[in-house]
Amino acid sequence: MERKSITTVEGYTGQGDISKLPQAMKELIFGKLTFQSIWSSRMVCKEWNFILSSQSFLSSLFIRNLWLLICGQDEYRNWCCMVYCFSAQKWMTLPLFILPNPEREYIRDLSMLSIGQGLLLFRKSSSQLFVCNPLDRSYAEIEIDLTEKFVHIVEGENKEPYLVVCSNSPKFNFQIYHYVEDSWRIKCQFAWETRSRISCHEMVECNGVLFWKGASPTTIISFKIQDEGFINPVTVAPLPRNVEDMHANDFSMVSYGSSILVVGIFDERYEQLLDMIERSIRPNVPWLGGTHPALGGIHPLHGGIHPLYGGIHASTSHNNRALGGIPASSSHMNNMMLGPMNPWLGGIHASIGRSLPPLVGTDTSIPHNNPILGEINASIPHKKPRLGRTHPSLGGIEPNKTGIVIWELAQDEEDKLVWNWKEFARMPPQSLPQYLRNDLWYRKCACVGDYLCFSSLFGGEVFAYNLKEGFWQRLPPCKIHFFEREPMMMSFEPKLNHYQFLGKLRE
Amino acid sequence: MEGKVILSSSDGQVFEVDMKVAMISQTLSNMLKDTEDTGSETAPIKLANVSSRIFNLIIEYGKYHVEAQKSDTSEPTADLKKRVRELVADDKDTLFQLMIAANFLHIQSLLDLSYQIVAEDIAACKDQQMIRQKYNIENDYSPEEEEEVLKLHNIFE
């Protein structure tokens with residue numbers, strides 16, 4: 001009385017032989033392989049190699065691997081590329097024999113421009129780029145005028161890469177190239193008048209928004225690549241407290257999930273000093289009241305409005321009463337996305353001037369009517385002192401006094417065009433690994449998944465901070481000794497799918 | 001749906017399976033829904049390609065699966081994967097047969113887990129030689145070809 005019978009055309013009589021499994025099933029199994037095991041599996045037999053190298057398999061593959069990549073020249077001036085895989089906890093060498101062979105074609109000025117979309121981008125000459133995917137040895141040479149320009153590679157629509165070519169003289173010029181019908185063409189371009197010098201060699205991409213650092217005055221500038229190809233300046237983000245006091249080289253921007261992290265360095269004594277000043281400026285302190293001619297009630301910490309945006313420049317507003325009496329409570333500027341004309345932000349940036357006596361050994365309780373403070377305020381420097389080791393008033397940076405501070409710039413939930421700041425983490429010197437405390441200024445950082453990585457001077461040693469779990473980890477030493485002071489260190493997402501424009505395969 | 005459903009394996013063994021367990025198979029679930037609509041008598045459904053040995057394992061898995069859905073295990077998938085590993089006891093043939101059966105009964109979770117297990121086993125191998133040994137795969141590359149392939153793909157030192 002059998003009612004129904006289920007049968008299938010695919011029976012399995014393979015006796016444990018994996019090759020007898022249906023092809024579709026094998027592809028699904030292979031799709032769950034780890035990145036490295038794909039390579040060893042390709043070497044197993046012809047059939048496996050065929051499946052694992054086929055475009056249909058590779059394009060359906062979804063392995064999100066993130067590596068920390070360090071690329072630079074070693075002591076013999078050979079280009080080397082090391083990647084660290086956090087899941088496997090080991091360094092691997094990515095051979096760069098894909099680069100033009102120095103024996104056949106010596107390129108004196110070969111330099112690295114950018115890393116992105118699984119590709120390495122080199123500058124071969126002032127009119128030639130060299131792009132390669134180190135994983136499948138495909139490469140291309142691209143002719144673009146590169147005089148005083150920087151190139152970044154970002155992911156555009158349809159997962160196709162765009163080349164973003166930018167320069168900052170005299171305007172901030174910016175062109176986006178895409179690959180159509182066998183050539184790279186300009187998709188759109190944009191020029192933006194700015195008084196801020198934009199650091200064109202550093203760019204971070206997040207959710208289709210590109211971020212650049214601007215220096216003097218320090219700021220962050222962002223553009224959105226829209227689907228139609230128009231570029232829309234989204235925000236000129238005023239920076240949170242302290243970042244604006246930093247030189248653009250003193251902070252790093254990294255992309256972390258759907259937000260941008262700004263990693264800066266703070267000096268405990270500098271912070272103390274700022275706090276002292278902050279405490280001193282209260283409307284009920286008579287000599288520092290809103291009418292104080294020297295200060296005019298301007299909050300010393302929150303100035304730094306970009307002069308372009310209508311903020312009042314320090315030198316012109318010594319007794320601006322309209323801005324008077326900003327309460328000290330505004331110091332916690334968790335939400336810094338205020339409009340350019342917002343009075344809260346207006347005013348003088350009373351950074352600590354050169355006239356400050358060295359802080360070393362200074363009693364923390366500066367009396368409220370300390371003549372020194374009055375003196376500082378009266379002589380607000382036009383040039384912000386850099387927090388470098390040579391800062392005269394700080395007497396040089398002492399080890400164990402500097403810490404790391406991380407801010408997060410995240411898209412507003414309601415208004416996607418607005419990005420808000422908040423402090424993400426603050427690591428006082430005592431919470432940093434000993435090794436990191438000494439030379440924070442020269443460190444570069446990269447964000448790989450949840451790991452914020454800090455490199456040492458020569459790239460040989462890397463410390464990583466797990467942003468989610470909050471612990472430090474010292475990566476095993478990388479065996480290559482990089483010659484350059486600052487080898488490129490970035491997060492790298494290896495890509496296996498073959499880009500159409502990377503036509504050639506290096507033998 | 002409550003009650004039991006009667007199924008028979010390819011070698012004629014009859015199983016009385018909890019409806020909840022049977023419902024994890026998309027194939028059976030669709031079929032049983034049809035039955036409900038027509039209100040026909042319950043008679044054994046013959047699974048022409050699943051042996052009683054494999055079907056026993058599937059029922060075991062089904063019970064775990066139903067259990068896991070009820071309880072609040074923190075890592076239900078990891079737990080289930082461990083169970084599947086226990087069921088197949090490191091026997092490749094059993095695992096592949098289970099995979100084929102899960103495919104034809106449309107038990108997506110079991111399929112995914114068994115793919116995952118094979119992939120993990122491959123990834124656990126030190127090199128291609130070990131993979132060949134584990135899965136009895138013949139190396140059909142000629143020495144020259146092998147050298148070429150090694151050169152192309154051996155990018156990780």
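The values are calculated or read from the model by the stated rules, or taken from the named source; none is laboratory data. Owing to the predicted nature of the structure, the values given are computational and were not obtained by experimental measurement. Note that each Cβ is placed from the backbone with ideal geometry, even for glycine, and that neighbours are counted across all protein chains shown. The protein model used for the area step is the full one, side chains on, heavy atoms only, and it has no ligands, DNA or RNA in it. Shrake-Rupley method; radii C 1.70, N 1.55, O 1.52, S 1.80 Å.
For B:K46, the stated conditions hold: it is open to solvent by less than 60 Å² (accessible area, probe 1.4 Å), charged (D, E, K, R) and not in a helix (DSSP H, G or I). With respect to the conditions (1) of a type in the set (D, E, K, R); (2) farther than 18 Å from A:I18 by Cα; (3) surrounded by 14 or more Cβ atoms within 10 Å (Cβ to Cβ), B:R85 lacks only one, and its number is (2).
For the residues B:I122, B:I137, the requirement of being over 22 Å from B:Q13 (Cα atoms), in a loop (DSSP other than H, G, I, E, B) and facing chain A (nearest Cβ under 8 Å) singles out B:I137.
Selection of region A:78-88 for residues being at pLDDT below 85 and part of a loop (DSSP other than H, G, I, E, B) yields A:N78, A:S87, A:A88.
Within region B:50-82, count every residue that is outside any helix (DSSP H, G or I), open to solvent by 70 Å² or more (accessible area, probe 1.4 Å) and not hydroxyl-bearing (S, T, Y).
2
Quick one: which of A:G156, A:G118 is on the phi > 0 side of the Ramachandran plot and either out of contact with any helix residue (DSSP H, G or I) (no Cβ under 7 Å at 6 or more places or on another chain) or of a type in the set (V, I, T) (or both)? Testing whether each residue is on the phi > 0 side of the Ramachandran plot and either out of contact with any helix residue (DSSP H, G or I) (no Cβ under 7 Å at 6 or more places or on another chain) or of a type in the set (V, I, T) (or both) leaves just A:G118.
Listed by position, the strands (runs of 3 or more DSSP E) enclosed by region A:128-211 that each have at least 2 residues that are over 19 Å from the mean Cα position of the chain (by Cα) and without any contact (Cβ under 8 Å) to a residue 60 or more places away in the chain are A:128-133, A:138-143, A:172-180, A:183-192.
Within region A:72-87, if we keep just the residues that are loosely packed, with under 14 Cβ neighbours inside 10 Å, more than 19 Å from A:L467 (Cα to Cα) and of a type outside the set (F, W, Y), the residue that is farthest from the other protein chains (Cβ to nearest Cβ) turns out to be A:R77. Within region B:41-65, residues that are facing another protein chain (nearest Cβ under 7 Å) sit with their Cβ atoms under 7 Å from residues that are part of a loop (DSSP other than H, G, I, E, B) and open to solvent by less than 30 Å² (accessible area, probe 1.4 Å), at 6+ positions apart or across chains, in these pairs: B:L47/B:S9.
Residues that are in contact with a Gly (Cβ under 9 Å, 6 or more places away or on another chain) and modelled with pLDDT of 80 or more within region A:388-409 comprise A:I404, A:V405, A:I406, A:W407, listed in sequence order.
Residues that are out of contact with any Phe, Trp or Tyr (no Cβ under 8 Å at 6 or more places or on another chain), closer than 17 Å to A:Q117 by Cα and either surrounded by fewer than 19 Cβ atoms within 10 Å (Cβ to Cβ) or without any contact (Cβ under 8 Å) to a residue 40 or more places away in the chain (or both) within region A:27-71 comprise A:L58, A:S59, A:S60, A:L61, A:F62, A:R64, listed in sequence order. Taken over region B:96-110, the criterion of being assigned to a helix (DSSP H, G or I), at the interface with chain A (Cβ under 9 Å from one of its Cβ atoms) and either open to solvent by 10 Å² or more (accessible area, probe 1.4 Å) or in contact (Cβ under 8 Å) with a residue 40 or more places away in the chain (or both) is satisfied by B:Q97, B:I100, B:A101, B:N103, B:F104.
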